[in-house]
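Asks: Before I ask anything, let me first share the structure, which is written out below as structure tokens.
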């Protein structure tokens, strides 16, 4: 158990930050899931709209340090690749 006032404060801050970070990460996952559901459903317009909504949410998480920026870049790239593949498959 923390003995000093500063250590007790640090514990309180950590709890608040952890809660906030979990909420942000969960929100980001929800946005990504919406994109994946739209991609699986085959609806190009819904998938594009969901991707455009998910992109800033993921980048915001990277900016806050919730998830590494390279991880966000990789995931966005893969989602965009799947979106483009769906667009070309629909066009042909």
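Asks: From the list 6, 77, which one is part of a helix (DSSP H, G or I), free of Cβ contacts under 8 Å to residues at least 12 places away in the same chain and under 18 Å from the mean Cα position of the chain (by Cα)? So that I can check it myself, show each step before the final result.
Replies: Details: 6 fails: under 18 Å from the mean Cα position of the chain (by Cα).
None of the other options fit; the residue is 77.
Asks: Scanning for something in contact (Cβ under 8 Å) with a residue 40 or more places away in the chain, surrounded by 10 or more Cβ atoms within 10 Å (Cβ to Cβ), in contact with a helix residue (DSSP H, G or I) (Cβ under 9 Å, 6 or more places away or on another chain) and closer than 30 Å to residue 88 by Cα, does the range 13-32 turn up at least one residue?
Replies: Yes, because at least one residue in the range 13-32 is in contact (Cβ under 8 Å) with a residue 40 or more places away in the chain, surrounded by 10 or more Cβ atoms within 10 Å (Cβ to Cβ), in contact with a helix residue (DSSP H, G or I) (Cβ under 9 Å, 6 or more places away or on another chain) and closer than 30 Å to residue 88 by Cα.
Asks: Of all residues being loosely packed, with under 13 Cβ neighbours inside 10 Å and out of contact with any helix residue (DSSP H, G or I) (no Cβ under 8 Å at 6 or more places or on another chain) in the range 42-62, which is nearest to residue 29 (Cα to Cα)? Just the residue, please.
Replies: This residue is 56.
Asks: Is it the case, given these coordinates, that residue 40 is at pLDDT below 95 and assigned to a loop (DSSP other than H, G, I, E, B)?
Replies: Working: at pLDDT below 95: yes; assigned to a loop (DSSP other than H, G, I, E, B): no.
Taking the combined requirement at face value, the residue does not satisfy it.
Asks: All but one of (1) within 30 Å of residue 2 (Cα to Cα); (2) assigned to a helix (DSSP H, G or I); (3) within 14 Å of the chain's Cα centre (by Cα) hold for residue 16; which doesn't?
Replies: With (1) within 30 Å of residue 2 (Cα to Cα); (2) assigned to a helix (DSSP H, G or I); (3) within 14 Å of the chain's Cα centre (by Cα) applied to residue 16, the lone miss is (3).
Asks: On the basis of being more than 18 Å from residue 33 (Cβ to Cβ) and either surrounded by fewer than 17 Cβ atoms within 10 Å (Cβ to Cβ) or at pLDDT below 95 (or both), does residue 90 make the cut? Before you say what the answer is, go through the steps one by one.
Replies: Numbers: more than 18 Å from residue 33 (Cβ to Cβ): yes; either surrounded by fewer than 17 Cβ atoms within 10 Å (Cβ to Cβ) or at pLDDT below 95 (or both): yes.
So residue 90 passes the test.
The values are calculated or read from the model by the stated rules, or taken from the named source; none is laboratory data. All figures in this text were calculated on a predicted structure; none of them were measured in a lab. Don't worry about glycine lacking a Cβ; one is built from the backbone with ideal geometry, like all the others, and counts go over all protein chains shown.
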